[in-house]
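No value in this document is a laboratory result; all are computed from the given coordinates. These figures come from a predicted structure and were not determined experimentally. We place every Cβ from the backbone using ideal geometry, glycine too, and count neighbours over all the protein chains shown.
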Amino acid sequence: MIMALITILALLPISPARGESPALRPEETTVAPAAAPSRFTLPESVAWALQQSLVVRASKAEVKGAEARKKEAFTGFLPKLGASYAYTRLNDAPWTNMPSMTITSPILPAPLKTPGGPVVVGTQDNFSWALELRQPLFAGGAILANYRASRKGEDIARTDEETAVQNIVAEVKSAYFHILKAQKILGVARQAVEQLASHRDEAQRFFEVGLIPKNDLLQSEVQLANGQQGLVRAENGLEIAKSRFNTLLRRPIDASLEVEDILVYRPFAKALEECLQTAYQRRPEIKAHALRAEQAREAVKVAQGDFFPTVSAVGHYERFGDTGSLQGSAYKSMENWHIMARADWTFWEWGKTRHRVDAQRARENQADSMLLHERDKATLEVKAAYILVREAEKQVFVAQKSIDQAEENFRINNERYREQVATSTDVLDAQTLLTKAKSDYFTALGDYFISQVQLERAMGVSQ
């Protein structure tokens, strides 16, 4: 018994001394990230954002905490080893009152009478050291249920990490397409200013030779000023989009930035029912709520364990002495040990256990309700995002046709103006329609991709 206890002590991990720092594990070593590029593709943007995201790092830390809690719960199956050292000083040495006795024997010439009186049977100073090993044998299923609940907690933490990753991916993709959309709109604004400036110069020449009134020249100058204001707004829109992108990637907010242009229409072939089924299977929020419902059921079992007794096997070793060296005394041996089976059962606490079980059942019902709510929420988000995707797709086609018509209208009016069979107003109106058609097209195309990002997030996929 003693050798077994000594062997267990030798196998226990040794904690670092106070003031010492524990050695870092390889996975805990922080590696400095490589320098960020100034030109990003979409996959590079996502990868860089995930590497730099503080939210993702916090989620990973929560996963490590959940793993530690699972390991902590597993220790409930293992034996517990404890030690104690005690010193007790009594007010008097233990004694007992011995009665007088008469002893007769054939070998004695006469009966022998012993005097009675107090007799010392112990020491006033008592030192003891004990080592105890306790192995739980039965706890009403509470230990197993607690371990299973902790294991579900680890799965929940990993699912929450997946949720954080998908949120970052969706934000980065959305910011990426906002930059592309802003760049296209800025290009349209610049082209509009160039066309307005060309028309103003042409109107200036016509005015100088007396072909048009001054009012037409002023009108072209006003439209040019309006176009320049639109250009400023487009430049600011692009700057804001880049700042948001840099913030998501934790780069300096004014860092130079270029992104690969992938704003080219590609058809979206998935049907609504397919998107819904994907969301039910892969959306991490639904997985997390399902795991929380399972965890709540295990918590009910943990609470129900208090209805039963706990049974343990105990091994106890003890050394005693009347001095600190624990060398025994004249009245008690130096060491002893024993093995016993012990059952503990608190069978009356005024309904405390029953109330605890009822509370856990209420949490179980709450988790089941939240699971259904999350499923309904996912259904609505998927359908809303799907409708926006189809709406933006239709707008892309409509805007594309409008561009063709607006370009032809602008060309005809511009030629007629040069021949002086159309007014400056006709040209300016045609140019305004062309600018609006191009802006609408790139807005619709950008919104088409952004809506797909939102739909993918609602479905729980990150491509």
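At a glance:
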{"quantity": "Likely footprinting exposure, 59, 325, 402, fewest C-beta neighbours within 10 Å first", "calculated": "325, 402, 59"}
{"quantity": "The stretch 301-356 - charge dipole about Cα centre, Lys and Arg +1 at Cβ, Asp and Glu -1, debye rounded to 20", "calculated": "340"}
{"quantity": "Violating pairs (Cα-Cα greater than 25 angstrom) within the set 64/383; 287/394; 181/436; 70/301", "calculated": "64/383; 287/394"}
{"quantity": "Rg and Dmax of the stretch 335-463, Cα atoms only, in Å", "calculated": "34.4, 122"}
{"quantity": "The stretch 276-342-the stretch 366-409 distance, computed between alpha-carbon centres (Å)", "calculated": "54"}
{"quantity": "Charge sum, other residues only, whose C-beta stays under 12 Å from residue 375's C-beta, Lys/Arg counted +1 and Asp/Glu -1", "calculated": "-2"}
{"quantity": "Unit charges on C-beta of K, R, D, E only; dipole of the chain, Debye", "calculated": "1500"}
{"quantity": "³J(HN,Hα) computed for each position of the stretch 95-111 - Karplus, 6.51 cos²θ - 1.76 cosθ + 1.60, integer Hz, glycine/proline x", "calculated": "8, 9, 9, 8, x, 6, 9, 10, 10, 10, 7, x, 8, 8, x, 8, x"}
{"quantity": "Options 360, 387, 372, ranked by Cα towards positive dipole end of the stretch 354-398, top entry (Cβ charges)", "calculated": "360"}
{"quantity": "Aspartates and glutamates whose Cα lies under 20 Å from that of residue 71, excluding same-chain neighbours fewer than 8 positions away", "calculated": "27, 28, 62, 154, 155, 160, 161, 294, 298"}
{"quantity": "Three-way shape label, the stretch 140-223, alpha-carbon gyration tensor, a/c 1.5", "calculated": "prolate"}
{"quantity": "Semi-axes of the equivalent ellipsoid for the stretch 196-328, Cα gyration tensor, largest first, Å", "calculated": "81, 28, 13"}
{"quantity": "Most positive-pole-ward Cα, 217, 207, 227, against dipole of the stretch 168-227 from beta carbon charges", "calculated": "227"}
{"quantity": "Charge dipole of the stretch 334-463 about the Cα centre (unit charges at C-beta), most positive-ward option of 406, 341, 437", "calculated": "341"}
{"quantity": "Chymotrypsin sites (Phe, Trp or Tyr not before Pro), loop per DSSP, at most 10 other Cβ atoms within 10 Å - longest free stretch of the chain", "calculated": "1-346"}
{"quantity": "Where only alpha carbons of the stretch 261-345 are counted, the Rg and the Dmax (Å)", "calculated": "32.2, 98"}
{"quantity": "222 nm mean residue ellipticity, helices alone, for the chain (DSSP H n ≥ 4; -39,500 (n - 2.57); rounded to 500)", "calculated": "-22000 deg cm²/dmol"}
{"quantity": "Cα gyration tensor shape for the chain, rounded if a/c is under 1.5, else prolate or oblate", "calculated": "prolate"}
